[in-house]
Amino acid sequence: MFTGLVDDVGTIVHVAATAAGRELRLACQYRDLVEGESIAVNGACLTVREHGTMPDGQTWFVVAAVVTTLDRTTIGAWRVGQRLNLERAMRLGDRLGGHLVLGHVDDLATVVRTAQHGDAWLIDLELPVALRPLMVAHGSITVNGVSLTVNELLDSGVQLSIIEYTRRHTTLDELCAGDRVQVEADVLAKHVERLLAPHLARVAMTSNVAVGVGAS
């Protein structure tokens with residue numbers, strides 16, 4: 001589990017197709033990695049397969065994405081030299097400065113517009129239809145691994161307001177119109193939707209029956 005507070009920005013130094021999936025080697029600043037630990041890479045929870053140190057003293061680690069992960073993320077398009085937001089899994093007792101993030105990408109969203117507004121940088125996102133009901137004004141959303149607050153609800157998605165600190169410590173500053181981003185909705189909203197689904201289905205069925213009786 002993660003918090004959506006990025007603690008490093010890594011750079012892809014090697015990409016390969018292997019039996020384990022699409023394998024990525026990333027340079028980073030982490031000094032005490034262990035094999036098997038989880039790292040959120042642009043919001044996708046991946047497992048450290050190997051790690052080591054480069055001649056310049058910078059550390060590296062290897063992760064692999066299987067086909068089911070590739071189907072719902074942008075990992076298939078990642079290339080050498082690309083910078084990615086990183087976060088190691090939280091420990092019990094850590095401060096929860098962002099929100100509860102599972103590292104399970106729900107779907108991809110599209111950047112519609114970016115604009116400077118005073119001291120804030122606004123990003124308008126077009127979300128898949130299934131994710132829109134899970135959004136609330138001033139609620140939480142994870143975009144490329146960053147915990148963000150919904151600034152405003154839009155007809156087709158949400159508007160985000162990015163502070164200067166976040167722009168400096170993540171890759172969100174590099175986004176522009178047309179880019180695809182990885183999105184995870186608030187897990188609490190997803191559980192509520194799941195719990196209410198049977199009740200809403202019964203209400204809809206009752207309403208349809210009532211309309212049918214009245215029409216006859």
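Looking at region 48-76 only, could you name the residues that are part of a strand (DSSP E or B), more than 21 Å from Thr170 (Cα to Cα) and either at pLDDT 95 or above or acidic (Asp, Glu) (or both)? Before the answer, list the steps.
To start, the set of residues in region 48-76 that are part of a strand (DSSP E or B) comprises 50-53, 59-65.
Applying the additional criterion that residues be more than 21 Å from Thr170 (Cα to Cα) yields 50-53, 64-65.
Matches in region 48-76: Glu50, His51, Gly52, Ala64, Ala65.
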Can you find a residue in region 98-118 that is in contact with a helix residue (DSSP H, G or I) (Cβ under 7 Å, 6 or more places away or on another chain) and within 30 Å of Arg31 (Cβ to Cβ)? yes
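Please go through region 161-210 and pick out each residue that is polar (S, T, N, Q) and at pLDDT 95 or above.
Ser161, Thr166, Thr170, Thr171, Gln182
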Region 95-140, subset small (Gly, Ala, Ser) and part of a loop (DSSP other than H, G, I, E, B), residue nearest to the chain's Cα centre (by Cα): Gly103
All positions within region 42-75 that are basic (Lys, Arg) and within 17 Å of the chain's Cα centre (by Cα): Arg72
By residue number, the members of region 34-61 that are under 21 Å from Val146 (Cα atoms) and not polar (S, T, N, Q) are Glu37, Ile39, Ala40, Val41, Gly43, Ala44, Cys45, Leu46, Val48, Phe61
Is it the case that some residue within region 130-148 is within 23 Å of Thr69 (Cβ to Cβ), in contact with a Lys or Arg (Cβ under 7 Å, 6 or more places away or on another chain), not polar (S, T, N, Q) and not assigned by TED's automatic domain parsing to the domain that holds Ala77? yes
If we scan region 87-94, do we find a residue that is within 21 Å of Leu148 (Cα to Cα), in contact (Cβ under 8 Å) with a residue 40 or more places away in the chain and loosely packed, with under 14 Cβ neighbours inside 10 Å? yes
Name the residues in region 19-38 that are buried (at least 16 other Cβ atoms within 10 Å of the Cβ) and in a loop (DSSP other than H, G, I, E, B), would you? Tyr30, Leu33
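The values are calculated or read from the model by the stated rules, or taken from the named source; none is laboratory data. Everything numeric in this text was worked out from a predicted model, so none of it was measured. Neighbour counts run over all protein chains shown; Cβ positions are idealised from the backbone, glycine included.
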